[in-house]
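No lab work stands behind these numbers, since they all come straight from the coordinates. These numbers come from a predicted model, not from an experiment. Virtual Cβ from ideal backbone geometry, glycine too; neighbours counted across all protein chains shown.
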Amino acid sequence: MTGFGLDDLPLRDELRGKSPYGAPQLDVPVQLNTNENPYELPEPLVRRIAERVAEAARTLNRYPDRDAVELRTELAAYLTRTGKHPVGKENVWAANGSNEVLQQLLQAFGGPGRTAIGFEPSYSMHALIARGTGTGWISGPRREDFTIDVAAARRAIAEHAPDVVFITSPNNPTGTAVDAGTVLALYEAAQAAKPSLVVVDEAYVEFSHRDSLLPLIEGRPNLVVSRTMSKAFGAAGLRLGYLAAHPAVVDAVQLVRLPYHLSAVTQATALAALEHTDTLLGYVEQLKAERDRLVAELRAIGYEVTESDANFVQFGRFEDSHTAWQRILDQGVLVRDNGVPGWLRVTAGTPQENDAFLEAVRALKKEQQ
Ligand code: PMP
């Protein structure tokens with residue numbers, strides 16, 4: 001069948017003419033474009049994963065633990081240890097990446113006739129998952145320096161009365177973190193307007209100078225903190241995200257999750273990784289130091305840099321960011337063009353990868369002078 005394309009299918013109207021999430025997966029020497037951790041898993045952990053997966057394999061004839069109780073218990077223990085707030089398994093829910101957690105939240109709290117707001121530029125999947133779940137999307141404002149203007153954000157919430165409010169801290173792609181006061185002010189506005197669910201997306205929080213906003217869930221049943229093992233745990237390939245919230249939110253997502261959504265292999269692997277939390281988080285300090293080096297060196301070269309609390313740095317400004325992206329790629333370094341006019345984003349890699357990136361952008365600066 002030639003000449004037959006997407007547009008010829010009986011596709012939902014709101015999906016027509018749209019593109020899928022598309023960070024390019026190119027085979028180049030230095031890949032600094034998807035905010036992954038650059039370090040491979042340590043051998044003792046690889047062996048432990050193999051052991052736990054072998055154990056799980058014996059009973060793959062059975063469905064996995066539908067409620068992932070052991071895994072949620074261990075995730076709760078990790079949060080309690082690091083988040084300055086005690087949580088139990090009843091506060092925690094896990095899914096295949098925090099993207100799936102966010103999708104389940106929008107399935108339960110968004111949907112047709114409902115809306116969600118995010119303060120943009122921010123993580124593009126929030127809007128895409130909204131679209132996929134039939135939730136209307138509202139693009140809220142940020143200041144020129146990419147911080148959230150609390151008064152403007154409160155006005156937007158009061159005006160639109162969204163059902164779900166996304167606050168990404170640290171924010172992707174800008175690296176900007178928010179303080180507890182900002183979350184509290186927006187939570188209050190969201191409760192007054194609707195009430196609505198406020199989701200604090202903390203995918204990068206382990207890299208932040210600030211503490212997690214997790215303690216704010218206390219006494220606020222409409223506040224959710226979402227997390228992932230893709231970044232600080234260096235396990236993007238595992239696909240394991242989780243949330244912490246009032247137990248009622250955990251009950252709510254169970255209304256929409258597919259039964260047995262977390263495979264026994266995923267649960268076994270995540271449990272093995274959690275046994276090695278301290279080793280994995282050891283890389284976080286190294287990456288934070290590399291992030292700070294990238295900020296300092298980019299500024300020394302003459303680029304503008306947005307203050308970053310994450311494992312990546314937004315830098316600019318470029319007259320044409322796509323051409324700049326291509327020139328950096330021509331030198332074997334893949335960074336990310338998030339479509340923020342004038343800016344690109346680079347993930348902190350190994351010292352050698354970062355050196356290669358800095359060399360490429362130094363050359364680009366010379367070209368452009
Ligand atoms: N939230 C933010 C802000 C992100 O940047 C990402 C990944 N890029 C995610 C959530 C999703 O991560 P994952 O599904 O791998 O947990």
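See the values below:
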| read-out | value |
| --- | --- |
| Gain in span if fully extended, His209 to Glu144, counting 0.36 nm per residue against the direct Cα distance | 21.2 nm |
| Net length gained if the chain between Ala152 and Ala57 were fully extended (0.36 nm per residue, minus Cα distance) | 28.9 nm |
| Packing-based order for 235-244, 352-361, 274-283, using average beta carbon neighbours within 10 Å, highest first | 235-244, 352-361, 274-283 |
| Pairwise centroid distance, computed over Cα atoms, of the range 291-369 with the range 128-157, Å | 26 |
| Residue-by-residue Karplus 3J(HN,Hα) for the range 295-308, coefficients 6.51, -1.76, 1.60, Hz, glycine and proline x | 4, 5, 6, 4, 5, 4, 6, x, 8, 8, 10, 7, 3, 10 |
| Distance (nanometres) between label positions extended 7 Å along Cα→Cβ at Val256 and Leu26 | 3.5 |
| By average C-beta atoms within 10 angstrom, highest first, the peptides 255-266, 310-321 | 310-321, 255-266 |
| Ranked list, fewest to most other Cβ atoms within 10 Å of each Cβ, for Leu287, Leu26 | Leu26, Leu287 |
| Label-to-label distance, nm, for residues given as Ala192 and Arg131 (7 Å Cα→Cβ offset) | 3.3 |
| Amide H contacts under 5 Å for Ile167, placed H, 5+ residues apart | Val199, Val200, Asp201 |
| Cα shape, the range 182-303, gyration tensor, a/c 1.5 rule | oblate |
| Choice from Pro44, Pro64, Pro86 showing the highest fluctuation, given a GNM over the chain with Cα pairs closer than 10 Å | Pro44 |
| Those GluC sites (Glu not before Pro) in the range 12-88 that DSSP places in a loop and that have at most 10 other beta carbons within 10 Å | Glu40 |
| DSSP bridge orientation in the range 43-275 - percent antiparallel, rounded to nearest 5 | 30 |
| Separation of the His322 and Glu70 label points, Cα + 7 Å toward Cβ, nm | 5.0 |
| Efficiency of FRET from Cβ geometry, Thr350 and Asp278, R₀ 22 Å, rounded to 0.05 | 0.60 |
| Trypsin sites (Lys or Arg not before Pro) restricted to the range 11-112 and DSSP loop, no more than 16 other C-beta within 10 Å | Arg12, Arg16, Lys18, Arg62, Arg66, Lys84 |
| Environment charge at Arg257 (Cβ cut-off 12 Å; Lys +1, Arg +1, Asp -1, Glu -1) | -2 |
| Nonlocal amide H pairs with His246, under 5 Å, H built at 1.01 Å | Leu223 |
| Cα-centre dipole for the chain with unit charges at Cβ (Lys and Arg positive, Asp and Glu negative), debye to 20 | 560 |
| Linear extension gain, Asp13 paired with Glu285, 0.36 nm per residue minus alpha-carbon span | 93.3 nm |
| Percent of beta bridges antiparallel (DSSP, the range 161-315, rounded to nearest 5) | 35 |
| Ratio Rg/Rh, restricted to the chain and using Cα atoms, in which Rh is the Kirkwood radius | 0.97 |
| Under 15 Å from the Leu184 label point (7 Å along Cα→beta-carbon), backbone N, the range 214-249 | 214-220 |
| Proximal charge balance of Arg48 [Cβ under 14 Å; K/R count +1, D/E count -1] | -4 |
